Structures are given as structure tokens and as C-alpha cells.
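Written out below as C-alpha cells is the structure these notes cover.
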């Protein structure tokens, strides 16, 4: 298995889990936030849905110019799920296109106001931001759900609401 195939397999597995978390986001709580400095539930959920596809496109282009503009807010929870599904397809397509050579030999550059902020190998961008950044925000979202008393799905093991490893009683 190539490195790229391994990344795609990991991503697909995590995307299923992420979708299950995003499916719990209620329409009537999109503007809720746990603290004045926090993102709203809707903004965080849409960020989680869109970030992998957006960031992998940065890797494809090689240079990203940051403007400091905040991302959009969703109108509905269904919009979040649709954005997630589109993002998943984008990640798989771009990773296949880049392949091992494109990820390991190519560099990515972040700029703001024409100034270079940082550069890193494209594989580092994928690992750090497409994946790790995504997992971080998914964890935040699970806390938001808990604070709202919405059942939290199992992520890497049982949650207080779901235990996929528990023995099932036969009826």
C-alpha cells in the first residue's frame, strides 16, 4: 500500500466518524456557543465539514494567501452534512491526484499580505491540518454536544451514550 493509499484509508475511516458527530448537530442550536470567545455550534460544525477539502486544495495549489476573513455560518444542519460529503470527495480526489511524489516532494507556502508566513512539505500540511486539525475540532464539537445534553457518538471508543463494544443481549 502506498503512503497516499494509507492516508486515504485513514481519512475515509475518520470521515465516517466525523459524519456521525456532525449528524448530531441540531438546527435549533446553530447559534449556540459555550463561551463568548467560542465559535458558535454551527460555525464550528461547518468548519469541521469544510476544512479538509479546503486545506487539501491548498496542497494542490502550493500557495495559499490568507486574508483573515472568517469562514461562513451554515443556515441549516443539512448544509453542514452536504459540505462534509463534498469535502470528503475533494480530499480523496486531490490526494489521489498528488500521489506519493506530489505529497513528499512538493512544498506548500502560506502567505498574508504578500509575505511568506511559513512553508512546509505538502505531506506535513496534510498530516497536520487536513487530519490533526480536523480531529482537534471534532473533539471540540463533541464537548459542545455534551454541554447541550445531546448524545455523543462513540469516536475512538465508548462514549457515555454509545458503547459499540458492549455485549448485546439477545431478545
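Would you pick out the residues in segment 61-91 that are crowded, with 17+ Cβ neighbours inside 10 Å, over 27 Å from residue 150 (Cα atoms) and out of contact with any strand residue (DSSP E or B) (no Cβ under 8 Å at 6 or more places or on another chain)?
Matches in segment 61-91: 90, 91.
Hey, does segment 94-102 have a residue that's on the phi > 0 side of the Ramachandran plot, at pLDDT 95 or above and either surrounded by fewer than 13 Cβ atoms within 10 Å (Cβ to Cβ) or in a helix (DSSP H, G or I) (or both)?
yes
Could you pull out the residue among 56, 152 that is closer than 18 Å to residue 26 by Cα, touching a residue at least 24 places away in the same chain (Cβ under 8 Å) and not in a strand (DSSP E or B)?
152
Restrict the check to segment 28-42 and report whether at least one residue is touching a helix residue (DSSP H, G or I) at 6+ places or on another chain (Cβ under 9 Å), assigned to a helix (DSSP H, G or I) and closer than 18 Å to residue 133 by Cβ.
Among the residues of segment 28-42, not one is touching a helix residue (DSSP H, G or I) at 6+ places or on another chain (Cβ under 9 Å), assigned to a helix (DSSP H, G or I) and closer than 18 Å to residue 133 by Cβ, which makes the answer no.
Of the residues 141, 148, which single one is farther than 21 Å from residue 11 by Cα and either modelled with pLDDT of 95 or more or surrounded by fewer than 13 Cβ atoms within 10 Å (Cβ to Cβ) (or both)?
148
So, of the residues in segment 1-39 that are under 19 Å from residue 82 (Cβ atoms) and without any contact (Cβ under 8 Å) to a residue 24 or more places away in the chain, which turns out to be surrounded by the fewest Cβ atoms within 10 Å (Cβ to Cβ)?
Only one residue tops the list, namely 28.
Considering only segment 75-91, I want to know if a residue exists there that is touching a helix residue (DSSP H, G or I) at 6+ places or on another chain (Cβ under 7 Å), over 26 Å from residue 28 (Cβ atoms) and free of Cβ contacts under 8 Å to residues at least 60 places away in the same chain.
yes
Could we say that residue 58 is surrounded by 13 or more Cβ atoms within 10 Å (Cβ to Cβ), in contact with a strand residue (DSSP E or B) (Cβ under 7 Å, 6 or more places away or on another chain) and at pLDDT 95 or above here?
yes
The values are calculated or read from the model by the stated rules, or taken from the named source; none is laboratory data. Every value quoted in this text rests on a predicted model; they were computed, and no experiment measured them. So basically every Cβ, Gly included, is an ideal-geometry build from the backbone, and we count neighbours across all protein chains shown.
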